[in-house]
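Peer 1: Below you will find the structure I want to go over with you.
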Amino acid sequence: FDPRHYLGTHCYGFPKTGPHRLKFLLESVKDLRETLKKKGSTLVVRKGKPEAVVHDLITRLGSVSAVAFHEEVREI
């Protein structure tokens, strides 16, 4: 979870992530974690700037061969 998405960001006068969207995201992550657990896997969830969190995870794991990501589309 990137804190920049939850702290004072606004689009057209509305918060980028309001309480309903946050609740949906948290429930979705919880459901995904439970589904993965049933299949013998897990989900790593971290809070922080992705560029720092991903670097830290790669450093800790040591043997990462690929990283996939999605970049948010920004308004011009």
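Peer 1: For region 41-57, just list the computed ³J(HN,Hα) in residue order, Karplus coefficients 6.51, -1.76 and 1.60, θ = phi - 60°, integers in Hz, with x standing in for Gly and Pro.
Peer 2: 10, 8, 10, 8, 10, 9, 10, x, 5, x, 4, 7, 5, 5, 4, 4, 5
Peer 1: Hey, another quick one. Per 10 Å bin, what is the whole-percent P(r) computed from every C-alpha pair distance within the chain?
Peer 2: Calculated P(r), rounded to whole percents: 14, 37, 36, 11, 1.
Peer 1: Skipping prolines and chain starts, which residues have an amide H placed within reach, meaning under 5 Å, of the one on Lys16, given they are 5 or more residues away or on another chain?
Peer 2: The list, which skips near neighbours in sequence, is Thr9, His10, Cys11.
Peer 1: As a test of the formula, what do you get for the chain when each DSSP H run with n ≥ 4 contributes -39,500 (n - 2.57) and the sum is divided by the residue count, at 222 nm and rounded to the nearest 500 deg cm²/dmol?
Peer 2: So the calculated ellipticity at 222 nm is -14000 deg cm²/dmol.
Peer 1: Please report, as a whole percent, how much of the solvent-accessible surface of the chain comes from carbon and sulfur atoms (probe radius 1.4 Å).
Peer 2: Carbon and sulfur together cover 60 percent of it.
Peer 1: From Cα pairs below 8 angstrom and at least 6 apart in sequence, can you work out the relative contact order of region 3-61, rounded to a whole percent?
Peer 2: 26 percent
Peer 1: Taking the solvent-accessible surface of protein heavy atoms with a 1.4 Å probe, what is the per residue accessible area of the chain in Å²?
Peer 2: 93 Å²
Peer 1: I've got another one for you. Give, rounded to the nearest 20 debye, the magnitude of the charge dipole that the chain has about its Cα centre when Lys and Arg contribute +1 at Cβ and Asp and Glu contribute -1 at Cβ.
Peer 2: Once rounded to the nearest 20, the dipole reads 320 debye.
The values are calculated or read from the model by the stated rules, or taken from the named source; none is laboratory data. Being a predicted model, the structure only gives us computed values, none of them experimental. Heads up, the Cβs are rebuilt from the backbone with ideal geometry, glycines too, and the neighbour counts pull from every protein chain shown. Protein only, heavy atoms only, side chains kept; ligands, DNA and RNA dropped before computing areas. Shrake-Rupley method; radii C 1.70, N 1.55, O 1.52, S 1.80 Å.
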